[in-house]
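Below is one structure, written out as structure tokens; comments come after it.
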Amino acid sequence: MLGKALRLLCAVAWMTAAAGPTHAHDKIRVVASFSILADLARNVAGDAADVSALVGPDSDAHAYAPSPADAKRLAEATLVLVNGLGFEGWIERLVSASGTKAMVTVASTGVTPRQMQDDGRSRADPHAWQSVANAKIYVSNIRDALVRADPEAKAIYAANAAAYTARLDVLEAEVKAAVAAIPPARRSIITTHDAFGYFAAAYGIAFIAPQGVSTEQEVSARALAQIIRQIKAEKIPAVFLENITDPRLMKRIAEETGAKIGGKLYSDALSAANGPAPTYLDLMRHNARELRSALLD
Ligand code: ZN
């Protein structure tokens, strides 16, 4: 009996050793369009797939200019993950220019899109990940895409997605509790571009943004004057900087209105590894903490 068990162990060890290096080469390559999506994908993929991002930390995916190296990475990918909802205006051309055979998955599929006014036109708000409930939809789409691309590792992707979704449940409760601690009359802030509509709808903080839903337009003098009047009239307590936008506009608004600068929010990109928001979980916690501490006093 013991002999048989030993022989089996040896056989398993031999098979593992033989399969090890080959298996590492077999890892599928997943390319996500931006850093937040890549982090969600890494949590679902674990060690079973290589995940990278085209638009890295602290960078603006609205106004990204892809490079030939990006096309090469898409050509070598098995799976490409995009946000959709018009976030990455450059991705379709890049995918077709790359000639990639990769499956392209829109991670926001199934989210209820918010409509918003942008330059007088109605369009979908792409920043759906700013609600944790939506991030859970992203995670289930990412899991399904990974399973389609790499069915052998199905059990790994399913287990990782379930474990990470449980962490998102905890995060969601924390964000709700942080906002609940702020008196309702003070739940109003200014951000540079309109990236927090889903957060506002899910958790109940009003965000007002001079730059609109994308970072690509300039703010007109008229829009700026209107915002300044609004801050004064509504006694909005704080303006926030964002990691992907120019801080000068918010600093000027703060000077002209007396609103305080409440810190930096992470809207469309993670921070670098040594910053306060290197993962999606850190990003949402950081934003909730900044809002709470700026609006409480
Ligand atoms: Zn944005």
Taking only C-alpha positions in the stretch 4-173, Rg and Dmax in angstrom work out to 18.5, 76
Computed about the Cα centre, the charge dipole of the stretch 92-214 from +1 Lys/Arg and -1 Asp/Glu charges at the Cβ has a magnitude in debye, to the nearest 20, of 60 debye
For the stretch 4-173, the dipole about the Cα centre with charges only on Cβ (Lys and Arg +1, Asp and Glu -1), to the nearest 20 debye, works out at 620 debye
Rounded to the nearest 0.05, FRET efficiency between residue 69 and residue 148 (Cβ-Cβ, R0 22 Å) equals 0.25
Whole-Hz Karplus couplings 3J(HN,Hα) for the stretch 124-131, θ = phi - 60° and coefficients 6.51, -1.76, 1.60, Gly and Pro as x, run 6, 7, x, 7, 5, 5, 6, 10
Placing +1 on each Lys and Arg Cβ and -1 on each Asp and Glu Cβ in the stretch 4-173, then taking the dipole about the Cα centre, the residue among 69, 28, 56 whose Cα reaches farthest towards the positive end is 28
Counting only DSSP beta bridges fully inside the chain, the antiparallel percentage to nearest 5 is 15 percent
A chain fully extended from residue 232 to residue 174 at 0.36 nm per residue, minus the present Cα-Cα distance, gains in nm 17.8 nm
Toy charge model, Lys and Arg Cβ at +1, Asp and Glu Cβ at -1: the chain dipole around Cα centroid in debye, rounded to 20, equals 500 debye
Cα extents of the chain per principal axis, largest first, Å, are 82, 45, 33
If R0 = 45 Å, then residue 256 and residue 155, at their Cβ-Cβ distance, give a FRET efficiency to the nearest 0.05 of 0.20
Percent antiparallel among DSSP beta bridges confined to the stretch 53-174, rounded to 5, stands at 50 percent
So, relative contact order of the chain in percent, Cα under 8 Å, 6 or more apart, is 17 percent
The alpha-carbon center of the stretch 267-297 and that of the stretch 176-191 are separated, in whole Å, by 15 Å
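No lab work stands behind these numbers, since they all come straight from the coordinates. None of the values given here were measured: they were computed from a predicted structure. Here the Cβ is made from the backbone with ideal geometry for all residues, glycine too, and neighbour counts use every protein chain on show.
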